[in-house]
Structures are given as structure tokens and as C-alpha cells.
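These notes concern the structure reproduced below.
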Amino acid sequence: MTGKPPHRGGSKGGKPPGRGSKPPARGQRPGAPARFGGPARPDRARTGPRTSALDAAQRAARMRGDDPVDRAPWEQGDEAAPIRSPRARPAGRGPGRAGEGAPPRRPPAREPAPAEGPTRRQQRAAASATLASGVQTLTVEADEAGMRIDRFLTARFPQLPFTRVQSIVRKGELRVDGKRAKPSDRLEPGMSVRVPPLKLDQPADRPRGGAREAGDAEFLRSLILYEDADMMVLNKPFGLAVQGGSGTVRHVDGLLEALTGPDGQRPRLVHRLDKDTAGCLIVAKTRLAAATLAKSFRSRAARKIYWALTAGVPRVRQGRVSTYLAKDEPTDADARMRVAKHGEEGASHALTYYAMVDQVAQKLSWLSFKPVTGRTHQLRAHAAHIGHPIVGDPKYFAVENWELPGGIQNRLHLLARRIVIPHPRTGQPIDVTAPLPPHMAQSWNLLGFDAARYDPIVDAPEA
């Protein structure tokens, strides 16, 4: 019996493949032409195995008489980006299957969406969210050049209490370029700051509604003595803390959140005043202005004048106080300062010029101070050191058998009266004067002091 020899490709009923022949590819019918390479058969076009949902969708479109589109079936409309069929072959890459002579359609050019980086508010929120995430490494930016390490941490983590920041640095838990740092160390761009895990039991913040923020903003604006696009000077009232601490929930630093601009720029503090000290407080509106103003304070380019009501009358009407000051309790950020010796651990040099403007009955004096340095409680400690503590000072007033005159309130009589500082952008001097707070105005009226009287401290040396 004669007949056709079996097909060499291994058709049904034919001989098994010989030795050395390769088995069919996975997913390929025995006897089907190879998927890649070899001539294509027109009668077998597009009849390969269904390898993708795209192939199935194209076959269904051809059966309906529609124009098959190289688009995934789960993408709809013109908004979907066309994709190339897995079977399409680029031109010049070898023979393709029948019906695939036309090159595949390329995706239309689409303009990339503009990259929008996070705002400064979002960056602060992200920094706050990492408080309990563990050790982190921060890089000092160009506009943070010259910042103190403790101010740097306060700016990056605004909800972290300042006392906690000082504790982290003091204990050596924070490293700058792998080395221990002091709170007063200055940072330079590109430095690496290693921050330890900041796992804290954060008290729940009161919800900041629109009405509360509007009230805070209105309150702060009522305190403005000077303002421009880069900075403002506030008339800080008596009893309002500048920064938060243990048990302090309302402070200037927290209220400044209400003045955050549309670009996310939040006003930031440049220096500090004691809670019970009233008067001129400088606030920067941008980080660059804050860095420039801080440099002015460090270089002693800023000129400050304070007024105080003190006990007794100094024998030397105009003088100079130069001492070393150290904290009684180094671990307490608001501890009482004491006069220390040169070289003593934790002691810093403090220099103040003073002048008596007026006095009454050899019992009270109106003193004007010009501090050259800016140590904690410097004026209060120096006034007590020369034997004339400031009236109403709960920490340093210790005069025996002294009674507060009638009509004078037992409040700290210390005012940051005037400040002159170069403008952060133009360099021109900004000269701002604060009025007497209500309790000091009452004492001045009672004692017959004239606030318009010439202040001899203006002629005191600058260093």
C-alpha cells in the first residue's frame, strides 16, 4: 500500500520526532510553524495560540468587521496611551507574520506633566511625621547656612519643645558629620546632621479651626510695629512666651503658624525675649531673611536698648558690667543665672552698659541698658549683681526689708525699648521703638517719669 509519506513537521499520526530534534515550544501546538523565524503561511495568519488579552481583543474586532486597535482592552477612549502588540516586529528586524507588514503605530508624543515639589508646609509636615520613625540623617540646605544647631532642629521640627532640643544636643545624641556638636555650633551647607529617634508622647494639639487661626493672625497683626516683605517687628506683650516649653501652650512661635503665606513660608523667630519681658521682637518672613538677621545678631551689628525700673539708685550713674554667667542648674533651660569665674565650665562672658535716666526719692531708678552680648537673663542678672535688681523680678529680686511702693504692680519692669538692625536684603538700618507696656506706663505716670526724656545710653560704647 502506497501513500504520502508523513509530514516532516510531526503531523498527527506521523513518526515521533527523531533523536536530536527539539520539542515544541511551550504553548505551541505540535506541528505548528515556529513563532519566530521561517516563512509565514498566508492561510495560517494570526492563528497562533492566544498569548495575551490584547490578541483576543484584536481577533474579536476582526470578526466583527471593526478596525483592530493596538490598545489594551482595559484602556478606553483616546486618553489611553496606545501600546505595541506583542506580535508586532520593528522594521528591519526580520520577517513578520502575514498581515503585519505595516509598522506598528507609535504612541503620540505627550508633554510631561510639570514636576511640582512639596511646599514648605508639606515638608514640615513630613518632618513632623518622622518624629517617631527612628534615626534620620538631614542635609543642611544653602539657606540654612550659619544657623545654630539647636535653631536648625527647631526649624525642622517645630513641634519639638526647645528644652528637648537642648537635651538632645547636650547628651551627645546628635552628630554633625559624625562628630558631637554643641547647641551653639554653626552649620554650613552640605553638612550631614544625624538625628536620633525622637519618640515622644506628644500632647494632642487643640484643633486649629479657621476661626482660631483668624483670631491668632488678627492678634499678631495688632502687635506689629514694623513690617515689610522680609521681616516684621512685634511689640511682644508682658506674659506671652516666645517659645513653647513645659506647660506652655500659647506662645509667639505657635501663633506665627497663622501667618503662613500661600507659598508655605512660615514666619520664624530670629531671637528671644523672656516671657515677662515686653517690647521689640524681630520675626523673619523667609528662611533667607532669618539666616541674614541671625548673622546680624551674631556679629553684634544689631543695637538694642532696654528700659527697667530698679530698686535703689546706683552711685555710678553710668557704668559697665562685665562678668561671666553660668546656670545654677545646667539641665534646666530656664534656670537662674549666677556670676561665675573665668574658665568655669558652662560660663560665658556677658557685657552690659547702663545709664541712669531718672530716679525718685533715692528709692527707685529708671535705668537704661545696652547689652553687647546676648546671654540668658543677662540684664536681670547684671542688675542684681550691681545691687539694683529690677522691680517685679521673681528670680533675681532679693533686697531685704524692701516694700513695693503703692500703685506699682508686682510685675517685671523690663522693656526691650528699641532695636536697630540692618535690613536683611537692603542692609539699611531698621530703627524700631516699642511703647511702655501698661504696667510700666502706670509706674512711669505714678513716679513722674517722662518717657520722652533724653536717654544717655545712646552714647555708650558699642563693645
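The values are calculated or read from the model by the stated rules, or taken from the named source; none is laboratory data. Note that the structure is a prediction, hence the values are computed from the model and not measured. Cβ sites come from the backbone with ideal geometry, for glycine too, and all protein chains shown count toward neighbours. Ligands, DNA and RNA are excluded from the accessible area calculation, which covers all protein heavy atoms including side chains. Shrake-Rupley method; radii C 1.70, N 1.55, O 1.52, S 1.80 Å.
The phi torsions of segment 408-418, fed into the Karplus equation with coefficients 6.51, -1.76 and 1.60 and a -60° offset, translate into couplings of 9, 6, 7, 10, 4, 9, 9, 10, 6, 5, 8 Hz, rounded to whole numbers, with Gly and Pro shown as x.
Under the Kirkwood approximation applied to all pairs of distinct alpha-carbon atoms, what is the hydrodynamic radius of segment 211-275 in Å?
12.4 Å
Accessible area ranking (1.4 Å probe, heavy atoms, ligands and nucleic acids excluded), largest first, for Met337, Met191: Met191, Met337.
With every protein chain in place and a 1.4 angstrom probe, the accessible-area ranking of Trp402, Trp366, largest first, reads Trp402, Trp366. Checked against a 27 Å cut-off, the cross-linked pairs Lys341/Lys370; Lys304/Lys395; Lys179/Lys395 give Cα-Cα distances beyond that limit for Lys179/Lys395. Along segment 290-301 the Karplus relation, 6.51 cos²θ - 1.76 cosθ + 1.60 evaluated at θ = phi - 60°, assigns HN-Hα couplings of 4, 5, 5, 5, 4, 5, 5, 5, 5, 7, 6, 7 Hz to successive residues, with x for each Gly and Pro. Phi angles of segment 454-461 translate, via the Karplus equation with coefficients 6.51, -1.76, 1.60 and θ = phi - 60°, into HN-Hα couplings of 5, 9, x, 5, 4, 8, 5, x Hz per residue; Gly and Pro are given as x.
Spin-label model, Lys363/Arg315: points 7 Å from Cα along the beta carbon direction are separated by 2.3 nm.
Heavy-atom accessible area for His439, with the other protein chains in place and a 1.4 Å probe, reaches approximately 10 Å².
The residues of segment 266-381 expose, per residue, 43 Å² of accessible area to a 1.4 Å probe.
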